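Single-structure report; data block below.
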Amino acid sequence: MFDESLLDDPDGLSRADLHGLLRGAAGSGARVRTAARDAAEAGIGGLRPDGRPRALIVAGPGPAAGSTVDLLSALAGGSCPVALVRPAGVAPAPGALRWTLPGWTGPLDLLVVVSPDGTEPGLALLIEQAYRRGCSVVSVSPAGSPLAEATAQARGLSVPLTTTPYEATMAEEAPPGEESVLPSGPGTLWSLITPLLSLSDRIGLLSAPPSALESLADRLDTIAERCGPAIATYGNPAKTLAAELADALPLIWTEGELAAAAGRRFATVLAALAGRPALSAELPEALTAHGTLLAGAFAGGADPEDFFRDRVEEPEALHARVFLLRERAPDVTSPAPAARELALQNDTPVSELEPEEGSTPLETAAQLLAITDFAAVYLALASAP
């Protein structure tokens with residue numbers, strides 16, 4: 001059950017936050033600055049590329065790799081294909097997954113491997129494949145991890161993953177064999193993608209010079225101030241969104257490539273952190289893909305349950321709520337007004353989020369991702385048993 005009163009109880013939120021999720025979300029700006037510095041010290045700034053690679057291939061465990069590819073593709077704007085390699089099965093090595101490069105991969109391509117822990121043995125084998133094909137390799141993983149060592153053996157560039165002292169302490173105190181939620185928590189995405197932004201700027205894939213990364217970090221700091229636990233719900237966009245989505249089935253309708261990446265990421269963290277189902281789709285296709293949900297048992301005005309049900313002892317049924325996620329204000333060609341009208345005609349409430357006017361693409365990504373990450377954390381903490 002969602003305890004909305006907890007949202008305006010900073011001490012209660014702190015006690016409920018056993019895994020430091022709020023701390024991780026609030027420290028995203030600091031992560032970007034540290035990760036940019038670590039990437040420069042690792043040698044990304046000194047690269048002398050022959051030109052833009054034919055394709056950028058990204059591999060890594062869990063949803064972080066998918067979010068990284070989504071963001072890089074949106075920011076690159078089609079200037080270079082960005083492909084995600086997923087595990088294709090189980091490898092012979094104990095505990096390893098089987099990863100295979102696309103058949104066309106060769107010396108003109110760049111393989112980037114991202115891993116929050118750097119222990120997946122199948123990724124080391126993937127790096128060996130890339131080395132044999134003459135493909136350049138860059139990895140982002142903890143310093144001294146097996147993945148970092150495999151990258152060095154393949155004469156690739158290994159960038160250390162930026163972590164916080166709090167995360168290191170949590171990892172040390174975790175009971176043996178207990179998996180931590182921190183690798184998939186808020187903030188880790190910025191540790192993974194910031195070095196890739198520096199790399200992409202260096203190879204001409206997109207524009208992300210040091211000044212742009214500093215502006216990105218500043219925007220993340222500003223959002224952390226607006227969305228922090230001490231800010232009351234009525235003035236806190238993340239707490240407001242969490243309260244609106246409580247006991248709802250979020251239909252995340254996005255407009256724009258950056259918004260689409262943020263929407264898919266939001267659906268992922270809602271499931272991973274808050275244990276809440278959510279569906280994401282891009283406009284205008286979302287109107288068809290989710291249209292039936294607005295008129296069926298999940299519709300906002302639907303009440304398919306028995307009137308005499310014990311409504312105190314049993315949880316209420318989920319009802320759809322549309323969340324419009326845009327990367328810019330709607331214009332005359334925007335499908336957003338039609339989407340809003342369709343939802344309201346079906347008695348389905350609508351929440352909306354768009355970045356500040358005049359934001360750069362990186363700042364837009366920061367605002368969409370950070371606010372939704374904070375919202376997922378608040379929803380998780382206020383729904384904890």
Among the residues of region 1-17, how many are in a loop (DSSP other than H, G, I, E, B), surrounded by fewer than 17 Cβ atoms within 10 Å (Cβ to Cβ) and charged (D, E, K, R)? 2
Does any residue of region 16-32 turn out to be basic (Lys, Arg) and more than 19 Å from SER191 (Cβ to Cβ)? no
Quick check on this structure: which one of ALA168, ALA174 is aliphatic (A, V, I, L, M), loosely packed, with under 13 Cβ neighbours inside 10 Å and either within 30 Å of GLY20 (Cα to Cα) or modelled with pLDDT of 95 or more (or both)? ALA168
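Matching residues to (1) buried (at least 23 other Cβ atoms within 10 Å of the Cβ); (2) basic (Lys, Arg); (3) in the same structural domain as ALA212 (by TED's automatic domain parsing):
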site: SER28; (1), (2), (3): yes, no, yes
site: SER79; (1), (2), (3): no, no, yes
site: ARG86; (1), (2), (3): no, yes, yes
site: ASP117; (1), (2), (3): no, no, yes
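Applying the selection to region 363-385, what residues are in contact with a Ser or Thr (Cβ under 7 Å, 6 or more places away or on another chain) and not small (Gly, Ala, Ser)?
Listed by number, the residues that qualify are GLU363, GLN367.
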Name the residues in region 351-385 that are surrounded by fewer than 19 Cβ atoms within 10 Å (Cβ to Cβ) and free of Cβ contacts under 8 Å to residues at least 60 places away in the same chain, would you? GLU352, GLU356, GLU357, GLY358, PRO385
For region 253-286: of the residues being touching a Leu at 6+ places or on another chain (Cβ under 6 Å) and among the aliphatic types (A, V, I, L, M), which is nearest to THR68 (Cα to Cα)? ALA261
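Condition (residue is modelled with pLDDT of 90 or more, of a type in the set (Val, Ile, Thr), within 23 Å of LEU220 (Cβ to Cβ) and part of a helix (DSSP H, G or I)) applied to region 359-371: is it met by at least one residue?
Checked region 359-371: at least one residue is modelled with pLDDT of 90 or more, of a type in the set (Val, Ile, Thr), within 23 Å of LEU220 (Cβ to Cβ) and part of a helix (DSSP H, G or I).
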For the subset of region 57-90 comprising residues that are touching a Phe, Trp or Tyr at 6+ places or on another chain (Cβ under 8 Å) and among the small types (Gly, Ala, Ser), which member is modelled with the highest pLDDT? ALA59
Of everything in region 227-245 that's farther than 16 Å from ALA370 by Cβ and either surrounded by 24 or more Cβ atoms within 10 Å (Cβ to Cβ) or of a type in the set (S, T, N, Q) (or both), which residue is nearest to the chain's Cα centre (by Cα)? LEU245
Taking region 67-87 and keeping residues closer than 22 Å to PRO121 by Cα and out of contact with any Ser or Thr (no Cβ under 8 Å at 6 or more places or on another chain) leaves THR68, VAL69, ALA83, LEU84, ARG86, PRO87
If a residue must be under 19 Å from LEU279 (Cβ atoms) and within 26 Å of the chain's Cα centre (by Cα), how many such residues does region 321-342 contain? 10
For region 326-344, does any single residue satisfy the condition of being in contact with a strand residue (DSSP E or B) (Cβ under 7 Å, 6 or more places away or on another chain), surrounded by fewer than 23 Cβ atoms within 10 Å (Cβ to Cβ), hydroxyl-bearing (Ser, Thr, Tyr) and farther than 20 Å from ARG265 by Cβ? yes
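Here is a check on your reading of the model: is SER207 out of contact with any His (no Cβ under 6 Å at 6 or more places or on another chain), part of a helix (DSSP H, G or I) and in the same structural domain as GLY60 (by TED's automatic domain parsing)?
No; evaluated as a whole, the condition is false for this residue.
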Six or more apart or on different chains, Cβ under 8 Å: which pairs go from a residue in region 36-48 that's surrounded by 12 or more Cβ atoms within 10 Å (Cβ to Cβ) to one that's assigned to a loop (DSSP other than H, G, I, E, B) and modelled with pLDDT under 95? Could you list them? ASP38/THR162; LEU47/ILE203
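The values are calculated or read from the model by the stated rules, or taken from the named source; none is laboratory data. Small disclaimer: the values here were computed from a predicted structure and weren't measured. Virtual Cβ from ideal backbone geometry, glycine too; neighbours counted across all protein chains shown.
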